[in-house]
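As structure tokens, the structure follows; a few thoughts come after it.
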Amino acid sequence: MTSDVHVPSGTFLGHPRGLFLLFMTEMWERFSYYGMRALLVLYAVAATNAVNPGLGWDNAQALTLYAWYTGLVYFTPLFGGWLADNFIGQRKSVIIGGLVMALGQFALASPLGIMGTSPAWSFDSLGIAFPETATSFYVGLLLLVIGNGFFKPNISTMVGDLYPQGDARRDGAFTIFYMGINLGAFLAPLVCSTLGEDPAYGWRVGFLAAGIGMLLSVVIQLAFAQRYIGDIGREPAAARSLKLAGGHKVPLTPDERDRLRVIFVIFVFVVMFWAAFEQAGGLMNLFADQYTDREVGGFTVPTGWFQSLNPLFIVLLAPFFSMLWSKLGTSGRNPKTPVKMYIGLLQVALGFIFLVVAVFEMQRTADMKSAMLWLVLGYLFHTTGELCISPVGLSMVTKLAPLRLGSLMMGVWFMINFVANTLAGYIGAFSEHIGEYDWMVSLATDVGVRAEHAGLLGVFGGLAALLIAFSLVLWAISGRIVRWMHGAEGK
């Protein structure tokens, strides 16, 4: 992709000032998303007669819902990207998506069902069974899914359009942009979980706070976009591409086809990364709630606060990674994308190894809980791995995708999260059942783990082993992948 539209002059910290406008837009949208995500599973499993009543679902039902919701919010960007490329442009898509998501959050915060109470939903062939609950709950989730489809692929594509092809600053720019994502994700649980988990306020106030964050994102974009990003995102990419081609449609070149092939090959490995990483909002959230000693003096750390660890580490470490990639890029020593990614997979594997250590520690404590240290270390190495994979992947798509397919291919990239998040929820739910297999119970007891914790050992240990295997395969084929990129990342 290339920047062929007017971009206002002026830089800040060596980058176009528009990067930091997009940073703020994305920050508040992610505040909204992660604030709601930190509450979703906890709200679903809270008893209906609790002091802070929830839906009263069991863990498996809540994790299945989590799987489908977090999967679908990354499926709809495929359609949102196509609509933006061909009809409405990225700027309008971002505004439409933001407003629809705000409505979704306010629907979740509604004290009454929009249309009363929904019947229980059951799709036996898919293994889905969602109990009866307020219609506003399901309507809110649906609006969030639709709105994210318009917003997510297009805000990222506009970041890439700030830079000309071959600009060594692009990986660093996406790391800074990613810092904005995670600053919002860091603040979200501190606000939304603190309100939502407190019976004095309740879950709905937490959802309301998430909706207000989404409205702030839209206001920032409407107020400052023209000043800081000029005409970027106004014209659909297909129309821009046609102009640059002299008004004639041209087929993809062999190099362009190879570059698209890279995106789909890397897709496979990043699915495994996100399927493991997204245990954060599901299984790891429940692990923090049920199996982690959260007492510090006389204070009990709210479960949702652990959701802020990953974004906190991102905010602290992203500037270092951004400077590292930019410095290596100017000297011609920046590692190629597949190299960064297999290093990242190994680091996420190490994070799960720390969680395996936590499971073993649980066997030695009277209350069968582990120290917070292991969970913190798990999040730390998940974060360093993420910084080698996720922002680098976003940058890669903007380098490799042809202009007329830019947002569409970003939507394809977010399909990774659809597949992975759906898989992640089932992996988390499987921890409830893997302990029922005799071979797993036997393996667990042989190494000193109680039968009731065999599922945790199996999921955490299995994910570590799979991540190591995938990293080795990516290492083995990385040379071929680089050749298919045809110099898109420089010589």
Estimated inter-spin distance, Met368 and Thr194, nm [label 7 Å along Cα→Cβ]: 3.4 nm
The chain: relative contact order as a whole-number percent, Cα under 8 Å and 6+ apart: 25 percent
Leu328/Asn52 FRET efficiency (R0 45 Å; Cβ-Cβ; nearest 0.05): 0.35
More than 16 angstrom apart: percent of Cα pairs within the stretch 274-354: 66 percent
Cα-projected label distance for Ala223 with Phe264, points at 7 Å along beta-carbon direction, nm: 4.5 nm
Chain lengthening between Ser9 and Arg294 when straightened (0.36 nm per residue, less Cα-Cα): 97.6 nm
Loop-resident sites, the stretch 418-491, for chymotrypsin sites (Phe, Trp or Tyr not before Pro), counting at most 13 other Cβ within 10 Å (DSSP): Tyr437
Reciprocal mean inverse distance between Cα atoms of the chain - Kirkwood radius, Å: 23.0 Å
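Taken together, the values in this text are just the output of simple stated rules run on the coordinates, not laboratory data. Computed from a prediction, not measured in an experiment: that's the story for all the values here. Glycine gets a Cβ as well: all are built from the backbone with ideal geometry, and neighbour counts include every protein chain shown.
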